[in-house]
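The block underneath contains the structure these notes are about, expressed in structure tokens.
The values are calculated or read from the model by the stated rules, or taken from the named source; none is laboratory data. In this text the structure is predicted, and so the values were computed from the model without any measurement. For neighbour counting, all protein chains shown are included, and Cβ atoms are generated from backbone atoms with ideal geometry for every residue, glycine included.
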Amino acid sequence: MSAIGGYEIERPIGQGGMGTVYLARGADGVAVAVKVLHPQFGGIDAYVQRFQREAELAERLAHPNGVRVLTHGQEDGLHYLVMEFVEGQTLLEMLCVPRQDSPPDAPPSAPPQADDATAPIPVSPRRRDSAGKGLPPERVMPWLRQIAHVLQAAADIGLVHRDLKPGNIIIDTDDQARVLDFGLAKDTAALSKALSITGQSLGTPPYMSPEQFEGARDVDSRSDLYSLGATAYHLLTGRAPFAGPTQAAYMRQHLDEIPPAACAVNPAVPRHLSRVIDRLLAKDPADRHQTPAELIEDLDRIERGRAPLRRYRPRRPRRNGLRHTLVGAAAVVALVLAVVNAWRWQRAASAEAARRPRVVMGPARHTGVPGPPTAPVVAPPS
């Protein structure tokens, strides 16, 4: 493929679960990132309709802390999204940089071939014994506020991200947090068919909200706030709130377990900030901040040395036996689907790869497309 939508393709710069990202240039010579959906997703009408609707909303999201979606369309049966190209470093990459007081990290292992419910899901290649050595709170606080501002702007136009995580947040050359991939926001109902075909997970398990695990049809900005809380926890402590390591284990932990307070894991985290994160990670959306603007108010209070507006005490959800049974059954079904469909997905991917010319990629460099720092450049999983 040499061009799409009037943009000249220069080279692939990443591969994700939902598509391939290319570095391209328009007629004006400005670099852009073009994400082309995998053909198997382009054949799912419900998803394509949702993708087009979300892309139209994302084009309206003109916010300095978002990554602008410039246009979208379809050409020769391929659905594509053109995004602003941003230089910088993702928060995931920042978490993976060894601290000077930590021993060198061991080389990361290869990720599992399929999104298997029993396969360990990597959060980052940091050593486990480096947990508790997160980023300084004085650096994280401004980023949280910036992310909350763009989430509020998105909520104002009815847009929910649904996959907020360190790999989808890039810190640009001006030290500003930029949220990626609003144009590929997920919808659990529209993607249910895709899940049955490919075994792909909806969201990223270490950061997914309980309601996403439960398959809620209409999640709102409070789900994004939960994911922001999980991201903040990881940034401040050096580890995600839950250890997994499998998809089924993450489901159980996000639904039923309470993580240690961030200030207990890393004493450098201010107590008031730790309490805000506790509330963001509340199991019930009604117990969280109800809007990103409410979170911004709490962050402002903390900076002035005041306590959050509301004191939240983490508590386990009350679940009856039937609900536990249903959750357990869902985990078993996810396991069976993943095992059965992983083979189908890998076979289809191998056949597609065999039909395409091989591409030799150059050395790694940071771009506006997040991903593990060990790959040349990897697209954000969608």
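When you check residue 8 against the structure, is it in contact with a Lys or Arg (Cβ under 7 Å, 6 or more places away or on another chain) and surrounded by fewer than 17 Cβ atoms within 10 Å (Cβ to Cβ), yes or no? Spelling it out, residue 8 is indeed in contact with a Lys or Arg (Cβ under 7 Å, 6 or more places away or on another chain) and surrounded by fewer than 17 Cβ atoms within 10 Å (Cβ to Cβ).
Just need a number here: residues in segment 1-59 that are small (Gly, Ala, Ser) and within 13 Å of residue 79 (Cβ to Cβ). Adding up the residues that qualify gives 5.
Against the numbered list (1) part of a helix (DSSP H, G or I); (2) within 26 Å of residue 42 (Cα to Cα); (3) free of Cβ contacts under 8 Å to residues at least 12 places away in the same chain, residue 212 comes up short only at (3).
Cβ-Cβ distances below 8 Å connect the following pairs, each with a first residue in segment 291-305 that is farther than 14 Å from residue 270 by Cβ, a second residue that is in a helix (DSSP H, G or I) and acidic (Asp, Glu), and a separation of six or more residues or different chains: 292/224. Taken over segment 128-178, the criterion of being of a type in the set (A, V, I, L, M), within 16 Å of residue 238 (Cβ to Cβ) and under 18 Å from the mean Cα position of the chain (by Cα) is satisfied by 140 alone. Of the helices (runs of 4 or more DSSP H) that lie entirely inside segment 231-315, those containing 2 or more residues that are among the hydrophobic types (A, V, I, L, M, F, W, C) and under 19 Å from residue 212 (Cβ atoms) span 247-256, 271-280. Scanning segment 13-72 for residues that are among the β-branched types (Val, Ile, Thr), assigned to a loop (DSSP other than H, G, I, E, B) and within 26 Å of residue 156 (Cβ to Cβ) yields a single hit, 67. For residue 38, the criteria (1) at pLDDT 85 or above; (2) buried (at least 16 other Cβ atoms within 10 Å of the Cβ); (3) under 18 Å from residue 22 (Cα atoms) hold in every case but one, which is (1). Restricted to segment 73-100, and to residues there that are under 19 Å from residue 15 (Cα atoms) and in a helix (DSSP H, G or I), the residue that is modelled with the highest pLDDT is 91. Checked against the criterion of being surrounded by fewer than 18 Cβ atoms within 10 Å (Cβ to Cβ) and either out of contact with any strand residue (DSSP E or B) (no Cβ under 7 Å at 6 or more places or on another chain) or at pLDDT below 90 (or both), the candidates 31, 46 yield just one match: 46. Checking the structure you have, find out if any residue of segment 222-236 is of a type outside the set (S, T, N, Q), modelled with pLDDT under 95 and either in contact with a helix residue (DSSP H, G or I) (Cβ under 6 Å, 6 or more places away or on another chain) or crowded, with 20+ Cβ neighbours inside 10 Å (or both). No - not one qualifying residue is present in segment 222-236.
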